[in-house]
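Have a look at the structure below, then the notes.
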Amino acid sequence: MNGTTHATIGAAGGFIIASTSQADSMMTFLFIGAGAIAGLIPDMDIDGALSKKITFSHELVRSIAQFIGLLMIIYSFIDGVQEKKWLGMATGTGMIVLASFLTQKRMLTMTGIGVLAGGLSLQENWLILLGIYIIIASFLPHRSYTHSLAGLIYFGIMANQLQISMQVEGIFITCMIGYSSHLIADMKVLPFNKRGVKLFLPFSSKEL
């Protein structure tokens, strides 16, 4: 199922929560947005549209890093002295080589590190947990732990911390509905899904 459908289902869940809690227009918008985002979060483990929206283009970063590495080599060759000259040239060469291995997933890892650092700086538990989630997801194969009950439980802890931080009743349940809807929509029991989700990882790798 594509991201638009997942976001739409999550947003619908947020709208239902807003309606049942008789939220005003601003809170309704908040619930719909939270549901839509939560409905997309499990797909953080794929080189898809979601990961690209929260990171810079890895082609751009690669080009910038390689250009800086080239400038470092030229500068070190012209103005460097003895050991510093060779160290600078070696560093520049290393930057060019390492940048050539940069992928969207590694950009996602760097984004997770940035979110984690922001959470630590702001002392926001939910942001710290989100940063850790993004980092872990960047190393996982698609439809593994982010599409399991373990991922749902972890996200639930994060959503609870978000509700505590925002002090808005209903955010937790909205986020949980959005995330859960993604797992259900990706299950193999639905006729249009060729693949399912490994819901009970790490205890079972059977697709449901």
Computed over the Cα atoms of the chain, what is the ratio Rg over Rh, Rh following Kirkwood? 1.12
Overall form of the range 87-145 per C-alpha gyration tensor (a/c, 1.5; a/b vs b/c): oblate
Among Gln161, Ile73, Pro202, the residue whose Cα sits farthest towards the positive end of the charge dipole of the range 65-208, when +1 is placed on the Cβ of each Lys and Arg and -1 on the Cβ of each Asp and Glu, is Pro202
Below 20 Å, Cα to Cα, which aspartates and glutamates can Lys194 reach? Residues fewer than 8 away in the same chain don't count. Asp43, Asp45, Asp47, Asp186, Glu207
Computed lengthening from Phe29 to Ile78, 0.36 nm per intervening residue step minus Cα-Cα distance: 11.8 nm
What longest range of the chain stays clear of loop-exposed chymotrypsin sites (Phe, Trp or Tyr not before Pro) (DSSP non-H/G/I/E/B, at most 11 other C-beta within 10 angstrom)? 1-100
Comparing Gly13, Gly92, Gly131, which has the greatest mean-square fluctuation in the GNM of the chain with Cα pairs linked when under 10 Å apart? Gly92
Just to be sure I understand the model, the point goes 7 Å from the Cα along the line to the Cβ. What's the resulting Ser205 to Gln167 distance in nm? 4.8
What helices does the chain have that are whole DSSP H segments, at least 30 Å long along their own axis by Cα, and with mean Kyte-Doolittle hydropathy of 1.0 or more? 58-79
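Every read-out reported here was derived from the displayed coordinates using simple, explicitly stated rules and does not represent laboratory data. Source: prediction; values computed, not measured. So basically every Cβ, Gly included, is an ideal-geometry build from the backbone, and we count neighbours across all protein chains shown.
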